[in-house]
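Only the coordinates and a few stated rules stand behind these numbers; no lab work does. In this text, all values refer to a predicted model and were calculated from it rather than measured experimentally. Note that each Cβ is placed from the backbone with ideal geometry, even for glycine, and that neighbours are counted across all protein chains shown.
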Amino acid sequence: MSSAGGLSRRRGGGGGGGGEDSAYSTPANSSSGPNTGNGRNQSFHRLSSSDAKVVADPRDLQMEDENKTQPKLTLMEEVLLLGLKDKQGYLSFWNDNISYTLRGCILMELAFRNRIAMVKDPNRRKYPLADRYIEVVSEKLTGEVLLDEALKMIGSTPERMSVGQWIDLMSGETWNVMKIGFQLKQVRERLAKGLVDKGVLRTEKRNFLIFDMATHPVTDSAVKEEVVKRACTALISRNNGSAPSLTDRESPIAYQQLRTVAMVCAAYAANVLENALLYLNHEMRERAYTKVEELLNDYSTFPFGSSASKNETTGKDLQMEVIAAVLNVFTKMDSII
């Protein structure tokens, strides 16, 4: 699944189907009090009122501040949402691409949130993007359960591994039985449950002849419409393809632009982009597919644009290099027409 021929133009919607894991629960972001058993800081702020005292971990307060600046949905959730049938609440059964793509989105999301980056080694340029090692640069939890699970796994592994290796391992595509424990399981179901918790989806039971399966119809259609609109705007606009410069990448506008590029390229690789282009006429759809292929080609190399210096490497560039490496992996995915 991970490599072989080039990425061919997709024309079918979908993603693999899957049911709800009822035994799985999503931890809350906040802490109800001090916890001496897990290494939490013993210094707490007490917020007083007239007749009650609340104990809060300062790191939880910092997480709340950070979450205010983050988009409501992660890249993985946006790609999954594009693949879901609104009323039926499940993904197409005939697509093997989405599971692999979602693991790549996890790495991109961690890079966007400044948690992982390429290892700062000048010799890394001798190797292809997907073969360059990544490392954890911040162990601060994100509050998103899948991201935090992947972050802890990457940070606790003594052996350095590349972008391509981590996507393969998290997808379970490895012949090394000693590393099968790196696989992230039930990612689609867990993402769907997270979207239920965020009020975007709801959970229903649906009968499929011989078995029952949990489905997740769309509840808040405005959220999905915003994702679809952003994808279409990025692909039919004539002025959205320029790569941000070194200074531009620090701006919120360039940050959102790059996230959108990552989202549409991931949706294309996951074979669900067609679902966002249903309401475009034939000519505009063809233009959109041409545009996403151009974006995937432009952003799967690093530096993204000619204005970026190849000799100067900042911390932000090391994180953006992870984005480029993941998109580079997507260009090598087998395609299912």
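Overview of results
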| read-out | value |
| --- | --- |
| Amide hydrogen neighbours beyond the local backbone of THR215, cut-off 5 Å, H modeled | GLU204, LYS205, ARG206 |
| Assigned charges on the beta-carbon of Lys, Arg, Asp, Glu; segment 77-331 dipole about Cα centre (debye) | 140 debye |
| Whole-Hz couplings from phi, Karplus 6.51/-1.76/1.60, listed for segment 143-149; x for Gly and Pro | x, 9, 4, 5, 4, 5, 5 |
| Residues with amide H under 5 Å from that of TYR133, placed H, sequence gap 5 or more | VAL119 |
| Relative packing of peptides 270-279, 129-138 - highest average C-beta neighbours within 10 Å first | 270-279, 129-138 |
| Relative contact order (%) - criterion: Cα under 8 Å, at least six apart; region: segment 104-209 | 21 percent |
| Residues PHE302, PHE330, PHE211, sorted so that the one with the fewest Cβ neighbours within 10 Å comes first | PHE211, PHE302, PHE330 |
| Whole-number percent relative contact order across segment 77-331, with pairs defined as alpha carbons under 8 Å at least 6 apart | 29 percent |
| Computed P(r) (all Cα pairs; segment 77-331; 10 Å bins; percent) | 7, 30, 36, 22, 6, 1, 0 |
